[in-house]
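S.K.: The following block contains the structure, expressed as structure tokens.
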Amino acid sequence: MSETETDNSNPQGNPAANHPVAGAAPAKPSDFVMLDAVPPAQMGRDIVEDAVKKDKFATSHILIRGFLCTPFLAYATALSALLVTQGWPSAAAGLIFPVGYIMLATLGLEMATGSFSVMPIGMFAGRVKARRVARNWFWTLLGNLLGGIFFASLLWLSLTKGGAVAPSGVLTTLAHLAEKKASYVDYGTMGWLAAVGMGVLCNWLVSLGPIFAKAARSVPGKIMLIWLPISTFFALGFEHTVVNMFVFPVGILSGAEVTLYDWWMWNQIPVTIGNILGALIFNATLWYYTHSINP
């Protein structure tokens, strides 16, 4: 139609049927407001989809995302250690720790303790095979370990000028923390079981991070909800296998009286077992089951 031609299909000039003023009254701004809260059943379904996405990651990407994850937890741990060094109570300093988790979650990185809950939920929904769950866990843990050792070495190198300056301040606090985390050896079998228990108590909370992130649609809502379990675990001093992948290497480099055997046999292994059990039993199995029976 040229600019000089007229359209006679609507000779009375009435508004079209889809015009805002045709038929019903104009929509109010409140009609477009989306509720931020997501119900638990929908959260479970969203977690299943996340598990399916994780299952499709190439091994190289799991390793890279796992490697990049631990340094952000290490930044937060070092920050908490700095606050303790400056006189803060350890529990108060722990409340700041979630800044690290918020950063890694926002960047879409891979933390094994979160996958301990997410991947089994995908398996229970019939969307992910058990061997693929084990594959994700193995490569994520390896990536987390490599990232922790790398960042610990870089931090020690930077703060001690390559060993020319004696460790002090943050490094000394982290060394003492590593010694404390290895002290389960002093209690024999019960100490080993206590390390498992501390891992269960930790990841019952921490593995809620990716689940709580599904409870809100907005970024501020997600941050607020995630902050609750992450800050609680760290302030209470429970054992997190990925955090320990940084604390022990930097502690040993900084003079902690801890051997590699002490690190692995009296902390890393039992804590990892506890972290798996905490996420698998309480969140991936019980929580998901009770909200999935009525899809």
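The values are calculated or read from the model by the stated rules, or taken from the named source; none is laboratory data. Only a predicted model underlies this, so the values are computations on that prediction, with no experimental measurement involved. Glycine gets a Cβ as well: all are built from the backbone with ideal geometry, and neighbour counts include every protein chain shown. In case anyone asks, the SASA skips ligands and DNA or RNA and just uses the protein heavy atoms, side chains included. Shrake-Rupley method; radii C 1.70, N 1.55, O 1.52, S 1.80 Å.
S.K.: Can you confirm whether Ile211 is closer than 28 Å to Leu277 by Cβ, in a helix (DSSP H, G or I) and either open to solvent by less than 30 Å² (accessible area, probe 1.4 Å) or of a type in the set (Lys, Arg) (or both)?
M.R.: yes
S.K.: Mind checking whether some residue in segment 167-187 is touching a Phe, Trp or Tyr at 6+ places or on another chain (Cβ under 9 Å) and of a type in the set (S, T, N, Q)?
M.R.: Yes, the conditions are met somewhere in segment 167-187.
S.K.: When you scan segment 130-164, how many residues do you find that are more than 22 Å from the chain's Cα centre (by Cα), without any contact (Cβ under 8 Å) to a residue 60 or more places away in the chain and under 22 Å from Leu109 (Cα atoms)?
M.R.: 2
S.K.: Where in segment 237-294 are there helices (runs of 4 or more DSSP H), lying wholly inside it, with at least 3 residues that are farther than 30 Å from Pro167 by Cβ?
M.R.: Of the helices (runs of 4 or more DSSP H) lying wholly inside segment 237-294, those with at least 3 residues that are farther than 30 Å from Pro167 by Cβ span 269-277, 288-292.
S.K.: On the given criteria, is Trp227 assigned to a helix (DSSP H, G or I), in contact (Cβ under 8 Å) with a residue 60 or more places away in the chain, within 20 Å of Leu83 (Cβ to Cβ) and open to solvent by 10 Å² or more (accessible area, probe 1.4 Å)?
M.R.: Judged against the criteria, Trp227 is a match.
S.K.: I would also like to ask the following. Which condition number in (1) without any contact (Cβ under 8 Å) to a residue 60 or more places away in the chain; (2) under 16 Å from Leu73 (Cα atoms); (3) aromatic (Phe, Trp, Tyr) is the one that Phe212 fails?
M.R.: (2)
S.K.: Which residue pairs have Cβ atoms closer than 9 Å, lie 6 or more positions apart in sequence or on different chains, and pair a first residue in segment 23-48 that is under 21 Å from Gly114 (Cβ atoms) with a second residue that is open to solvent by 60 Å² or more (accessible area, probe 1.4 Å) and modelled with pLDDT under 90?
M.R.: Hits for this filter: Ala41/Asn294; Ala41/Pro295; Gly44/Pro295; Arg45/Pro295.
S.K.: So, one more: Which is surrounded by fewer than 16 Cβ atoms within 10 Å (Cβ to Cβ), touching a Phe, Trp or Tyr at 6+ places or on another chain (Cβ under 9 Å) and farther than 30 Å from Ile293 by Cβ, of Thr77, Thr59?
M.R.: The match here is Thr59.
S.K.: Lys180: of a type in the set (D, E, K, R) and either under 23 Å from Leu68 (Cα atoms) or in contact with a helix residue (DSSP H, G or I) (Cβ under 9 Å, 6 or more places away or on another chain) (or both), yes or no?
M.R.: No.
S.K.: Please indicate, with yes or no, whether at least one residue in segment 86-108 is of a type in the set (Phe, Trp, Tyr), farther than 18 Å from Asn203 by Cα and without any contact (Cβ under 8 Å) to a residue 40 or more places away in the chain.
M.R.: Yes: one or more hits.
S.K.: Turning to a different aspect of this structure: Of all residues being of a type in the set (Gly, Ala, Ser) and either at pLDDT below 95 or at negative phi (or both) in segment 88-111, which is most open to solvent (accessible area, probe 1.4 Å)? Just the residue, please.
M.R.: Selected residue: Ser90.
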